[in-house]
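Following: one structure in structure tokens, then a few remarks.
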Amino acid sequence: MKKNALLFLFTALVFACSGSDDSNTNDVEVNLLLGTWIGEDVEYSGTTSFDYFGTTFETPFTGEAYDVDYTLTFTENPNEFTSEGSYSLEVTTNFLGETITENSEDLEFMGSGLWSQDGNQLITTESGVTTIFTIEELTETSLILSNTQTEEFTENDIDYTTTINIEMTFIKE
């Protein structure tokens, strides 16, 4: 009987000590997110598709940032984010074998609002709009966020669908 009691206590102790505490891991990741991050790069890719007289056209595009000059700051209690600065973007589209390049300058980066983290998801809310980013990388010095959005719009009686993939790279200030 004494051996069974000792075996039970030993087994209970082993299982109690071997469990992982996921909340500590999430706290560490959230703590890594806090502070000011300097924007290094923004890359876009995606497609725009539309039907024109029964024919579907799909145009791929890529975008590369330049003149990147923005920061993104995360605070806690309350969980708020703010961004300052801008970037410019060169977008290259291929349509019917023709390459078209357009530049957009001084684009505002994000804005400000509330944030939360759920695993590898960063959820931001700005002016009532919620956006979910995937945290691709989060270390003490590096942050990479990605997001995919699909937008539908009509222009000149033609319905368009655009899928935009974005990846943003930051370093810690």
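The values are calculated or read from the model by the stated rules, or taken from the named source; none is laboratory data. Because the structure is a prediction, the values reported are computed rather than measured. Don't worry about glycine lacking a Cβ; one is built from the backbone with ideal geometry, like all the others, and counts go over all protein chains shown.
Comparison of Thr99, Thr73 shows that the only residue that is under 22 Å from Ser127 (Cβ atoms), among the polar types (S, T, N, Q) and surrounded by fewer than 17 Cβ atoms within 10 Å (Cβ to Cβ) is Thr73. In the stretch 81-93, the condition of being closer than 26 Å to Asp118 by Cβ, free of Cβ contacts under 8 Å to residues at least 40 places away in the same chain and of a type in the set (S, T, N, Q) is met by at least one residue.
Taking the criterion of being at pLDDT below 95 and either within 15 Å of Thr36 (Cβ to Cβ) or under 10 Å from the mean Cα position of the chain (by Cα) (or both), the only residue of the stretch 141-173 that qualifies is Glu173. When Thr56, Thr101 are screened for being at pLDDT 95 or above and hydroxyl-bearing (Ser, Thr, Tyr), only Thr101 passes.
Need pairs with beta-carbon distance below 6 Å; first residue within 16 Å of Ser45 (Cα to Cα) and surrounded by 13 or more Cβ atoms within 10 Å (Cβ to Cβ) and within the stretch 136-155, second modelled with pLDDT of 95 or more and of a type in the set (A, V, I, L, M); sequence gap 6+ or separate chains. Listed pairs, sorted by first residue: Leu145/Met168; Asn147/Ile166.
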